[in-house]
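A short worksheet on the structure shown next.
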Amino acid sequence: MSRPARSDQAAHHTPLPSLSDSVAAHARTQPTRPAARDSQRSLTWAQWDERASRLANALRGLGLVKGDRVALLGFNALEWLELYAALSRAGLVAVPINFRLAAPEVAYIVQHAEARAFVVQDKLRGLVEGLRGELPVLPGAWVLWGQDAPPEGWQGYEPLIAAAAPTPPDAGVMPDDLFALMYTSGTTGRPKGAMRSQGGNALIALCTALEFGLTRDDTGLLVMPLCHANSLYFGVTFAMLGAQTVVDDRASYDPEALLATLSRERISFTSLVPTHYVMMLELPAATKALFDLSRVGKLLISSAPARRETKLGVMQLFPNGRLFELYGSTEAGWVTVLRPDEQLAKLGSVGREWAGSGAIKLLGADGAEVPDGEVGELFSRTPWVFDGYWRNPEKTAESFQGAWCSVGDLARRDADGFIHLVDRKSHMIISGGENIYPSEVEAVLAQHPAVQDVAVVGMPDTKWGETVLAAVVPRAGAPADLQAQLDALCRDRLAGFKRPRAWRLITPEALPRTATGKVQHRLLRERLMQGA
């Protein structure tokens, strides 16, 4: 069974407005008001609404039916917002794919999701051309955006929109219908498709607006990739409110250009990872002084903890900015928030329960709650929790204890109720805001015949938060250029951000193990940091 069955009672609950509903409502009430823009074009609410309907009809016209999955691959652009609204309206399921992935990683996700259509930005067409024969995509459902006259075998995004009907399809979309499969890396080395519902996304958007005090008069800037849950959640939030969304569509991060955008577009809210802030703060004082940042009222640090000096620098750079920090996951949604008045007093904490998020408990190995100050596995009970993992009932069952959800994070609670993360998702590495699981990198390195054993850990880095280090046990007679060969292997089979940036050739005895033979990644990391 791929997902929990919908109950009749749930099907008749009064729904919160979906992304599609929100866009349609604002098209009726404020049709000419600016809705969304990137560096290339802009949309009013009426234009967004009409293009969403046309695109929904166009996709259904390719042979797709309600519930079919549609893979999406592209850099940040306004098309992402159009596609999310159109898929919501058509009852189709978005499968956003990280543009940093290698071709085999892309192929696995499309195959596992059984995607029947694939919408690709022209700049990334080369990544998928060689995959066409092995993917379940319908022959006529390869869609290319960015070229009005695409090559043979591709449908043009704009021609499809222009030829389709502008009236919304009658798709019968319900709040518990799937909105997206968000693929997240897993400790098994294969990504898992977290099922997010239409209603769950709407509810998290409503509570996001309440927690941050966001209104129709805000202008939000989406910098994080729109294939990630962070930008998706905030994009839905601003659409629900009828506020304007600005998409940062640069292919690579430019701190000076970001400051210029914040100033020029009069941005009032944005969400960034610590690396973004560090790079802005490293700019010369004269450069930072060129920009008026007084409009920025709310700032979010997410995906990784920030240092005290970084937070102080952000507060100085944005004099009217109120700084928030949150912890959450694709599966559970937002779980905790550290609010502006708590930033320095509770440094290192990820805060307390999110508004309306339910509750948190920390469980020991025996399944009982641990006392304050002790480490336990973090379980949360949120009303917007995911519906389970697509085609993976075993992992779904492992993630839940009744209504309580865990993604494997270990944490402790202090006497004031603040949560402090101890270990991120079974030794997950966070580099520049991207999640990297050691087991996934280890699986690739272990394919080399000269590798006897390997363990991957994250090492502290002032710019990226962490970088990937591979500790390799070579076999007897390993080539002298083994490191270069392993790096080439990673270049072919892994996204760039997952590749090791540091290497250690070690003996088998140097890998610390448990009594059952499992490598103790945390202990290995400590030894490597100490030079042992």
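The values are calculated or read from the model by the stated rules, or taken from the named source; none is laboratory data. Keep in mind the model is a prediction, meaning the values are calculated, not measured. Backbone-built Cβ (ideal geometry, glycine too); neighbour counts: all protein chains shown.
Worth pointing out:
- Test for ALA162: is it closer than 30 Å to TYR389 by Cβ and touching a helix residue (DSSP H, G or I) at 6+ places or on another chain (Cβ under 9 Å): no
- Of the strands (runs of 3 or more DSSP E) lying entirely inside region 414-478, the ones with 3 or more residues being surrounded by fewer than 21 Cβ atoms within 10 Å (Cβ to Cβ) are found at 419-423, 451-461, 465-474.
- Scope region 330-351; condition closer than 15 Å to THR208 by Cα and out of contact with any helix residue (DSSP H, G or I) (no Cβ under 8 Å at 6 or more places or on another chain); matching residues: ALA332, VAL335, THR336, LEU338, ARG339
- Exclusive hit being modelled with pLDDT under 95, among the hydroxyl-bearing types (Ser, Thr, Tyr) and surrounded by fewer than 19 Cβ atoms within 10 Å (Cβ to Cβ), set THR275, THR188, THR215: THR188
- Qualifying position, being in contact with a Phe, Trp or Tyr (Cβ under 9 Å, 6 or more places away or on another chain) and surrounded by 23 or more Cβ atoms within 10 Å (Cβ to Cβ), among ALA141, ALA117, ALA86, ALA90: ALA117
- Qualifying residue in region 363-378 (condition: buried (at least 21 other Cβ atoms within 10 Å of the Cβ), touching a residue at least 60 places away in the same chain (Cβ under 8 Å) and more than 30 Å from LEU283 (Cβ to Cβ)): no
- Looking at LEU511, LEU505, just one residue is buried (at least 18 other Cβ atoms within 10 Å of the Cβ), under 18 Å from HIS448 (Cβ atoms) and not assigned by TED's automatic domain parsing to the domain that holds ILE109, and that residue is LEU511.
- Test: LEU72 is at pLDDT 95 or above, closer than 30 Å to THR261 by Cβ and surrounded by 24 or more Cβ atoms within 10 Å (Cβ to Cβ): yes
- Residue within region 336-355 that is acidic (Asp, Glu), over 30 Å from ILE267 (Cα atoms), modelled with pLDDT under 95 and not in a loop (DSSP other than H, G, I, E, B) present: no
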